[in-house]
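Colleague: Before anything else, here's the structure in question.
Please treat every number below as a calculation from the coordinates, not as lab data. This one's a predicted model, so the numbers in the text were calculated from it and none came from an experiment. Cβ: placed from backbone, ideal geometry, glycine included. Neighbour counts: every protein chain shown.
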Amino acid sequence: MFEEFKNYLIEQGYSESTPSGKPSTVSDYINRVSKISERESASVPNLAKDISFYVEKYGPTGKESEFGKKSHNSYISALKQFENFLSEMARIKEEKRKKKEKRVKQFMKSGFSRSEALYWFYKENPAHDRNKYDNSPRYMPNTSVERMKEMEIEEYMKKYEMTRKEAIELQNKEENDAANESERRKKELIESGMTEREAEGAEFMEKLGIPLEEQKKHKTNRNSGCMVALLIMIAPTILLSLLIF
């Protein structure tokens, strides 16, 4: 969450570092929100959930107003910016939900069931947050696939004022272009040193909106976590060996 908060602050014009390279307002606000979280013995998600309560508590008339005013009001300022960030995230989430429902209804008007509509929506928008309550199957029968292709053709005809033949040609071209781009990217990843399986996974994750650098960072963190767990498990054995010798 703090990574998103950091990006939000930067978008709002706050500095990430001073001209001399030292941490600036962005880091300061994140640290102060973290400090409030520790002080309240509340996890960051729980702090976020009750952010209005904490803004009032550390505000001018709140019980912790003196602490909020410390460092030229930095604590309460950080909390207020965190509250603004959460409001913006909630607004974006609601917009995405409305967009999703609108598209799902379009699919259903074309004859799809809701579960089929959800399947095709996520197929179109792989990076969209998936609702765990969505009853969306993993695969679609051929009849549904054919209906989807027909729906795309009709949308192309309407959007680009095409004949049916032109719409089908455009559909085929886009499918071929997407397949060729996917193969090109996988080949590029294999040439960089990945196995074919790793390249397929990385290319798929990129389609979900996760850049390669983020994937590498996650993999490094996961490997580090495994190493720590392994050390914890074997530490007693190592200690016993040292005591024996």
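Colleague: Between K109 and E175, what is the FRET efficiency for a Förster distance of 22 Å, r being their Cβ-Cβ separation, to the nearest 0.05?
Modeller: 0.40
Colleague: Sort Y29, Y122 so the one with the fewest other Cβ atoms within 10 Å of its own Cβ comes first.
Modeller: Result, fewest neighbours first: Y122, Y29.
Colleague: Moving to a separate point now. Would you mind classifying segment 51-124 by shape? Square roots of the alpha carbon gyration tensor eigenvalues, ordered a ≥ b ≥ c; an a/c under 1.5 is rounded, otherwise it is prolate if a/b is larger than b/c and oblate if not.
Modeller: Taking the square roots of the gyration eigenvalues as a ≥ b ≥ c, segment 51-124 is prolate.
Colleague: For R114, R147, what's the fewest-to-most ordering of other Cβ within 10 Å of each Cβ?
Modeller: R114, R147
Colleague: What are the ³J(HN,Hα) couplings of segment 66-77, residue after residue, when phi is run through the Karplus curve with 6.51, -1.76, 1.60 and θ = phi - 60°? Round to Hz, x for glycine and proline.
Modeller: Rounded to whole hertz, the list is 5, 5, x, 7, 4, 6, 6, 6, 5, 5, 5, 5.
Colleague: Could you give the nm distance between label points at S71 and S24, where each point is 7 Å from its Cα heading toward the beta carbon?
Modeller: 1.7 nm
Colleague: While we're here: Show me the trypsin sites (Lys or Arg not before Pro) within segment 20-74 that DSSP assigns to loop and that have at most 12 other Cβ atoms within 10 Å of their Cβ.
Modeller: The qualifying sites are K63.
Colleague: Taking the number of other C-beta atoms within 10 Å as the exposure measure, put H128, H72 in order starting with the fewest.
Modeller: Fewest to most other Cβ atoms nearby, the residues stand as H72, H128.
Colleague: Which lysines does K93 reach when only Cα atoms under 22 Å apart count, and residues fewer than 8 places away in its own chain are ignored?
Modeller: The reachable lysines, counting only those whose Cα sits under 22 Å from K93, are K6, K49, K80, K102, K105, K123, K132, K207.
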